[in-house]
Structures are given as C-alpha cells and as structure tokens.
Amino acid sequence: MRATRWGTGYGLFAVGVVLVGLVVALAVAAPLISRYDPATQGVGPALAGPSVEHWLGTDRFGRDLAARVFHGGRTTLLATAGALALVVSVGTLVGAAVAALGSIVDRLARQLFDLLVAFPVMVVALALVGLWGPSLGTALAGVLIVLWAPFARLSRSLVRTALSEPSAVAARALGAGRWRLLRYEVWPRLRGPVLVLAAVEAAQLIGVVAGLSFLGLGAQPPSAEWGAMLQEGRAALWSAPHLVLAPGIAVLATVLGLTCMAEGLRDMLDRAGQAVPE
C-alpha cells in the first residue's frame, strides 16, 4: 500500500511538472515558435479559424492567436512568478521571525495572520483597483497585501514545532548557534510544506490575475494576457470559439499542472513522514 501511494503521489507530481513545463517552454520560446508579433493587426483575415499559416486562428483584428497565447503566457507567468517569489520570501521570513520572538508578539502576529488569511484575495484586489484604477500592477498589489499571510502562518507553526523537537533541544544544549539550528533543524522541515503551499497559491494567483483581466480590471488591451484575451473573445464565443478555447486551455493546463504538483508533493511528503498542514 505504501508503494502504491508513493507511486500515486509521484505520478501526480510528474503530470504537473510536464503540464507546467510545457506551458513555460512555449512561453519562453514564443519568439522562436511564432513569427508574428502579438500586437500586429491584419496579419491574417479577421476571426479566421486554425490553419497552417495561423495555428490557432486569428482574432477580430486579424492578430495571430498563437502568438498572443504564447506571449500572453510570458505576461501571466512572469507576473505570477514575481509575485509568488515576493510573498514566499516575506511570509516565510516574517513567520520565522515571529516564532523566535516572545509570546506577546507571537499571539498578536497569529491573530493578524488569521485575519489576513480570512480575507478573500479577489475582494482586496478589487478594492485597490477601485482606488487606483485598473491595471495588472494594481491587481497584483492587491493580491500581495494578503497572500503573504498563509506563508507566514505556516512558517511560524513549523519553526515552533521544529525548535521544540528533541534533536533541536539537544543541539541547543550542546551550544549550537541560531544559524546552525535554522539550517539543520528548521529548514529541512520547512522547505517541503512551503513548496506545496507555493504551488497551491500559484494556481490561485493565476486564477485571480486572469479573472481580474477578464473583468477588465487587470491587464488592459491590447496586452497579450490570457484573462484579457478571454474577455475579448467572449463576444464571439459562438461564431469563433477558438478565441476563448486557446487562452482558456492555457489557463486550465497551468492551474491543473500546479494543482497536480502540489497534491503529488503533499502525498510524497506524507509518505516520507513529513506531514503537510492543510
């Protein structure tokens, strides 16, 4: 049974890596794969279906849809990666620092973390967009305000648990310094769960960014961004469904891949005896 469960986790993780790796590869190689500029109009007939010349067809301005989807992946993935790197770093460091401070600070910080985690990310992003106007940067700023809190809460819990383990207590009694404890006692217990949470939050982040752009509150036309492309293609859904299918499949593949990676990694860590908080 253990081998079967391990295999299931590894299989999910492998599927996720393949899906995300394919999307990233297409985005990185966009200039090499497509010979058209994503913003150039009239490179083909308007609303043309997929063909040898235009693999995914063209939009209502005659722009090559494949070029827009591939380059749109760059916009969405770079924005997600940058925002995720920031929230993971800030949240993990803040949580670890809180765990090392006194009980009063710890109690106050825990209440703040719980409050921010309870806030819907989309609501905060919409509030900032209403104040500063629609743009991808504003939408990401709204996400960043609250998205660091889950990492801080997870880091705080895991650091406190790791420092209370018998091995950490013994190492401290033998004179181990703070950095040695962090490196050998805390980090091995922290990295796996943080990676799982990062994959989960990345999937949510892509959905939020694409959703805000779909509502016209994120990336603005003529930007090649998946959510904005979905919004543009909505009006021609029945006459030219490829306008919605192409960016929609890209979003779905990315979110599905990240979810599979998170679930597979969670299962593998559970089998290895390192429980990952839900």
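The values are calculated or read from the model by the stated rules, or taken from the named source; none is laboratory data. This one's a predicted model, so the numbers in the text were calculated from it and none came from an experiment. Cβ: placed from backbone, ideal geometry, glycine included. Neighbour counts: every protein chain shown. Side chains included, ligands, DNA and RNA excluded: accessible areas come from the protein's heavy atoms. Shrake-Rupley method; radii C 1.70, N 1.55, O 1.52, S 1.80 Å.
Find the residue count for the range 91-118, including only residues that are open to solvent by less than 60 Å² (accessible area, probe 1.4 Å) and in a helix (DSSP H, G or I). Give the derivation first.
Of the range 91-118, the ones open to solvent by less than 60 Å² (accessible area, probe 1.4 Å) are 91-92, 94-99, 102, 106, 109, 113, 116-117.
Then drop every residue that is not in a helix (DSSP H, G or I), which leaves 91-92, 94-99, 106, 109, 113, 116-117.
Adding up the residues that qualify gives 13.
Filtered by the rule that a residue be open to solvent by 20 Å² or more (accessible area, probe 1.4 Å), at pLDDT 85 or above and part of a helix (DSSP H, G or I), the range 229-245 gives Leu230, Gln231, Glu232, Arg234, His242, Val244, Leu245.
Condition (residue is under 30 Å from Val146 (Cβ atoms), surrounded by 13 or more Cβ atoms within 10 Å (Cβ to Cβ), in contact (Cβ under 8 Å) with a residue 12 or more places away in the chain and of a type in the set (D, E, K, R)) applied to the range 1-18: is it met by at least one residue? The answer is no, given that none of the residues of the range 1-18 is under 30 Å from Val146 (Cβ atoms), surrounded by 13 or more Cβ atoms within 10 Å (Cβ to Cβ), in contact (Cβ under 8 Å) with a residue 12 or more places away in the chain and of a type in the set (D, E, K, R). How many residues are outside any helix (DSSP H, G or I), hydrophobic (A, V, I, L, M, F, W, C) and either at pLDDT 90 or above or open to solvent by less than 60 Å² (accessible area, probe 1.4 Å) (or both) if we restrict to the range 251-278? Residues that pass the stated criteria total 1. Within this structure, Leu147 passes the test of being surrounded by 19 or more Cβ atoms within 10 Å (Cβ to Cβ) and under 29 Å from Gly218 (Cα atoms). Those helices (runs of 4 or more DSSP H) of the range 129-228 in which 2 or more residues are of a type in the set (A, V, I, L, M) occupy 136-163, 166-173, 187-214.
Among the residues of the range 168-197 satisfying the criterion of being within 14 Å of the chain's Cα centre (by Cα) and surrounded by fewer than 21 Cβ atoms within 10 Å (Cβ to Cβ), which is nearest to Ile249 (Cα to Cα)? By that ranking, first place goes to Leu195.
Checking each residue in the range 58-95 for being closer than 30 Å to Gln41 by Cβ, in contact (Cβ under 8 Å) with a residue 60 or more places away in the chain and either hydroxyl-bearing (Ser, Thr, Tyr) or in contact with a strand residue (DSSP E or B) (Cβ under 7 Å, 6 or more places away or on another chain) (or both) picks out Leu65, Thr75, Thr76, Thr80.
Specify the residue that is surrounded by the fewest Cβ atoms within 10 Å (Cβ to Cβ); the eligible residues are those in the range 128-143 that are under 24 Å from Leu93 (Cβ atoms) and touching a helix residue (DSSP H, G or I) at 6+ places or on another chain (Cβ under 6 Å). First the steps, then the outcome.
Narrowing the range 128-143 to residues under 24 Å from Leu93 (Cβ atoms): 128, 137, 140-143.
With the extra rule that they be touching a helix residue (DSSP H, G or I) at 6+ places or on another chain (Cβ under 6 Å), the set shrinks to 128, 140-143.
Details: Leu128: 20, Leu140: 23, Ala141: 16, Gly142: 25, Val143: 26.
Among those residues, the one meeting the criterion is Ala141.
The set of residues in the range 18-45 being hydroxyl-bearing (Ser, Thr, Tyr) and either closer than 30 Å to Thr259 by Cα or not in a loop (DSSP other than H, G, I, E, B) (or both) consists of Ser34 alone. Take the conditions of a type in the set (Ser, Thr, Tyr) and under 27 Å from Met261 (Cβ atoms) and apply them to Thr76. Does it pass? Taking the combined requirement at face value, the residue satisfies it. Among the residues of the range 66-80, not one is modelled with pLDDT of 90 or more and either more than 16 Å from Pro31 (Cβ to Cβ) or open to solvent by 60 Å² or more (accessible area, probe 1.4 Å) (or both).
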